[in-house]
Amino acid sequence: MHGFTLVELMVGLAIGLVLIAGLGLMFANTSQSGSELNKSIRQIENGRYAVQLLEDDMAHAGFYGELPLDGINYGPKPSDLQDLCGATGHQGWDAATSRAPLPILGLSKDDSANCLSNRLAGTPAFVIHHIGNDAAPIAPASATTGMAYVQTSRCNKDVDPGNPSVAAFAVAATAPASFPFRSLDCTTPSPVRPYIARIYYIASCSECSGSGADTIPTLKMAELRGNSMTVIPLVEGIEQMVLEYGVDTAGTGNASSFGIASSTTDWGNIVAVRVHLLSRTTEPSPGFTDSKTYVLGGSTVTIPEADKQFKRRVYTTTVRLTNVAGPREIPVTTPPASS
């Protein structure tokens, strides 16, 4: 019986090592490719999800239930943007002038609001106002104490509780006892709907404190809950947002022009918004360098050297504010067909 010679054994070991090295390299490359594919898939999902979230809420901007849309005065942009973070600023209803909160209000990158914690420098934000549309109206007695609701009057004998000489319009409050208006029979209390006030912005982190703190740019929302704003993380990896607002200067329901938020923007006549988002992977890609310059509407974004290992995509959509634009539409009259 013959065994292996030393030479044969060494050759066999060498061949085995080559095969193992090849398999290891193939496994490493496959694993890296799978990891990069997973990063890209999550980045694409996050970008699309962020666009869908903003589209859905913008589409409801200015929905005020039974209020006559053609009679609402949306009023000017608040001079003190800090009011956006308190119940008073968000509940800007005024019966004397038939004023309801602006459906949408943009904050430029230089505007501040003290409830937007960890806001990423150089990024804008925007506010959405409407009432809840995903649930049936409820009786005031069933309203949750501390939650903001809006009540409108259905009785032609109702008057504004703060000024009896003014006809009833609407009231926003957080206490069930603060809803004075009645239904058509002028006896039954008129129902209430939840009042929605949300500020969308980009934060410099997803988890901003504690042992799990990170530096992932994240789309967040500050939502009115009771008398204060609560910040909620929504989508990780959103690092830049550019908003172009369409102003209807002709009163037709169509945007005459689009522009970035400024102190002169005619907020009561905004009928559409173009949203541009720059989304990146949440983890760097070794060996990758992002040397692109990204165009978001009329703005360009150049990536700083420290962040060039992340892969990025741009997402763009245009949202029509139906509750503002719809009542302005001019019906098209079709001439009678000639005989």
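Laboratory data are not the source of any read-out in this text; all were calculated from the coordinates shown. Treat the numbers as computed from the prediction; the structure is a model and nothing was measured. Note that we place each Cβ from the backbone using ideal geometry, even for glycine, and neighbour counts take in every protein chain shown.
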Here Rg/Rh (Cα, Kirkwood) for region 258-338 equals 1.24
Quick check: the angle from helix 6-59's long axis to the longest principal axis of the chain, C-alpha only, nearest 10 degrees?
10 degrees
For GLY246, the net charge from surrounding residues (Cβ-Cβ under 13 Å; K, R +1; D, E -1) works out to 0
For the chain, what Kirkwood radius comes out of the mean inverse Cα-Cα distance, in Å?
23.4 Å
Please enumerate, by chain and number, the lysines with C-alpha under 16 Å from the C-alpha of LYS292, excluding those fewer than 8 residues away in the same chain.
LYS308, LYS311
Along region 197-213, Karplus-curve 3J(HN,Hα) (6.51, -1.76, 1.60; θ = phi - 60°) to the nearest Hz, with x for Gly and Pro, reads 9, 9, 10, 9, 7, 10, 9, 7, 7, 8, 9, 9, 8, x, 5, x, 4
In region 39-328, with Lys and Arg counted as +1 and Asp and Glu as -1 at Cβ, which of these residues, LEU278, LEU54, ILE138, has the Cα nearest the positive end of the dipole, that is, farthest along it?
LEU278
Over region 132-205, what is the mean sequence separation of C-alpha contacts under 8 Å (at least six apart), divided by residue count, expressed as relative contact order in percent?
40 percent
So what's Rg/Rh here for region 105-156, counting alpha carbon atoms and using the Kirkwood radius for Rh?
1.16
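Using packing as a proxy for protection, rank 243-250, 51-58 so that the peptide with the highest average count of other Cβ atoms within 10 Å comes first.
243-250, 51-58
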Which residues qualify? For VAL235, with a placed amide H closer than 5 Å and at least 5 residues away or on another chain, they are LEU219
Local net charge near LYS311, Cβ-Cβ under 9 Å (Lys/Arg +1, Asp/Glu -1):
+2
Column: log10 I(q)/I(0), Debye, Cα scatterers of region 201-283, q = 0.17 Å⁻¹:
-0.83
Could you tell me the relative contact order of the chain? Use alpha-carbon pairs under 8 Å, at least six residues apart, and round to a whole percent.
17 percent
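Mind ordering 276-289, 251-264, 160-173, 118-131 by average Cβ neighbours within 10 Å, highest first?
Packing proxy ranking, top to bottom: 118-131, 276-289, 160-173, 251-264.
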Between the alpha carbon centres of region 244-303 and region 112-153 the gap in Å comes to 24 Å
